[in-house]
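Report on the following structure.
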Amino acid sequence: MTSPLPTDTSAIAFIGGGNMASAIIGGLLKRGQPASQIQVVEPWKEQRARLRKQFGVQVNENPGESLASATLVVWAVKPQTFKDAALLTRFHTKTALHLSVAAGIRSDSIAHWLDTQRVVRSMPNTPALIGKGITALFARPAVSPDDRLAVERVIQTTGDFVWLDDEKHLDAVTALSGSGPAYVFYFIEAMVQAGVDMGLSRDQAHKLAVGTFVGAAELARSSDEPPEILRARVTSKGGTTYAALTSMEQDDIKLQFMRAMHAARRRAAELGDEFGAA
């Protein structure tokens, strides 16, 4: 259950105004955050115009003195641009709490670049765009309980969250839930194409495939039984589901899928090595 944002919510700044920033900004506005208490630093002219039109928030091309009023700074930049953006911004945000949604960049690097230990690192996913996201969070020791609560109130506007005790697990989260929506879309693509190949219209196949994922995911979420039991309940030996799953097992689909997730985890770690502080 989410708690409402307090009426005296402090100013929030976003460095980067892409999809994830937009999801959070939209959620904040719906929960009562005044647009006047949100500002965004966004280098792209077209994106600045879109943010102003869609949300009515203050948008600047470059970081400036106005950032000093922000008690929370959300870092929604690409990993390869984080360091440069941080070094330009750090002089204006020394007293702020910092929340990063950038993949791969470790909190040690962020703390070093920003000259502060009040850093929370997160890994959200794209269903945040419709308030159905799931985000993993890791806080450095200097982050207070009140800081954690402030982060939770922001993240709750985009969906659910879970705190991690060990930052290294964020690479696994990136592989599982961060990249996870793409896996779901990939399987939906395959199901739709198979449906079309078997004679259904594309619209029919799409509706059936998406509805199946939505329903199965909701059943898994609401059930106390593990997925292997739920799967077994659908699978009668010698039946149609059994034939499909047997084919997948013969092709090592589960093993290949797990191997793909490990590849994503390795790449998340590489991003930290590649774009992190020396």
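Determine the equivalent ellipsoid of the chain by diagonalising the alpha-carbon gyration tensor, then write out the semi-axes as square roots of 5 times the eigenvalues, largest first, rounded to whole Å. Walk me through the numbers on the way to the answer.
Details: eigenvalues 297, 88, 65 Å².
Semi-axes from the Cα gyration tensor: 39, 21, 18 Å.
Calculate, for Asp251 and Glu46, the FRET efficiency according to 1/(1 + (r/R0)^6) with r their C-beta to C-beta distance and R0 45 Å; round to the nearest 0.05.
Numbers: r = 44 Å, r/R0 = 0.98.
According to the calculation, E is roughly 0.55.
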**Report entry** Within a Gaussian network of the chain (alpha carbon springs, distance under 10 Å), most fluctuating of Arg48, Arg31, Arg233
**Finding:** Arg233
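What relative contact order, as a whole-number percentage, does the chain give when Cα pairs under 8 Å and 6 or more residues apart are counted? Each step should come with its number before you reach the end.
Details: 408 pairs, mean separation 45.2, N = 278.
It rounds to 16 percent for the chain.
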Query raised in the report: Can you list the HN-Hα couplings for the range 252-266, worked out from phi with the Karplus curve (6.51, -1.76, 1.60; θ = phi - 60°), rounded to whole Hz and with x for Gly and Pro?
Result: 6, 4, 4, 4, 5, 5, 4, 5, 5, 5, 5, 5, 5, 4, 4
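Rank-order 220-230, 192-202 by packing density, defined as the average count of other C-beta atoms within 10 Å over each peptide's residues, highest first.
On the way: 220-230: 9.9, 192-202: 12.7.
Output ranking for 220-230, 192-202: 192-202, 220-230.
Quick check on packing: order 102-108, 140-146 by the mean number of other C-beta atoms within 10 Å, highest mean leading. List each step's numbers first, then the result.
Values: 102-108: 22.0, 140-146: 12.3.
Packing proxy ranking, top to bottom: 102-108, 140-146.
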**Report entry** Gly159 long-range amide H proximity, modeled H, under 5 Å
**Finding:** Gly133
Report summary line: Taking max minus min of the Cα coordinates of the range 180-271 on each principal axis, largest first, gives extents in Å of 43, 31, 30
Query - Amide H contacts of Gln58 (H built 1.01 Å from N, under 5 Å, at least 5 apart or other chain) - result: Ile38, Val40
Query raised in the report: So what is the orientation-averaged projected area of the range 130-228, using the convex hull of its C-alpha atoms, in nm²?
Result: 8.3
Query raised in the report: Once phi is turned into ³J(HN,Hα) by the Karplus curve 6.51 cos²θ - 1.76 cosθ + 1.60 with θ = phi - 60°, what whole-Hz value does each residue of the range 145-162 show in order, with x for glycine and proline?
Result: x, 5, 4, 4, 4, 4, 5, 4, 5, 6, 5, 4, 5, 10, x, 8, 8, 9
Query raised in the report: In square nanometres, what is one fourth of the surface area of the convex hull spanned by the alpha carbons of the range 183-234?
Result: 3.9
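Using every Cα-Cα pair within the range 12-173, state what percent have a distance larger than 19 Å. Could you put the intermediate results ahead of the total?
Details: 6484 of 13041 pairs.
Taking all Cα-Cα pairs of the range 12-173, the fraction more than 19 Å apart is 50 percent.
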Query raised in the report: Under a plain spin-label model, where a point goes 7 Å from the Cα along Cα-to-Cβ, how far apart in nm are Thr95 and Asn19?
Result: 3.7
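Run the numbers on the range 12-173 and let me know its relative contact order in percent, using alpha-carbon pairs under 8 Å that are six or more apart.
Values: 305 pairs, mean separation 33.3, N = 162.
The value is 21 percent.
Tell me, what is the percent relative contact order of the range 180-271, built from C-alpha pairs under 8 Å that lie six or more residues apart? Kindly include the intermediate steps, with their values, before the conclusion.
Values: 24 pairs, mean separation 10.9, N = 92.
Normalised by residue count, the contact order of the range 180-271 is 12 percent.
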Report summary line: Under 5 Å from the placed amide H of Val74, counting only residues 5+ away or on other chains, we find Ala13, Phe14, Ile15, Leu99
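Bear in mind that the values in this text are calculations on the coordinates, not laboratory data. Keep in mind that what you see is a predicted model, and the values were worked out from it rather than measured. Counting neighbours? That spans all protein chains shown, and the Cβs are built from the backbone with ideal geometry, glycine included.
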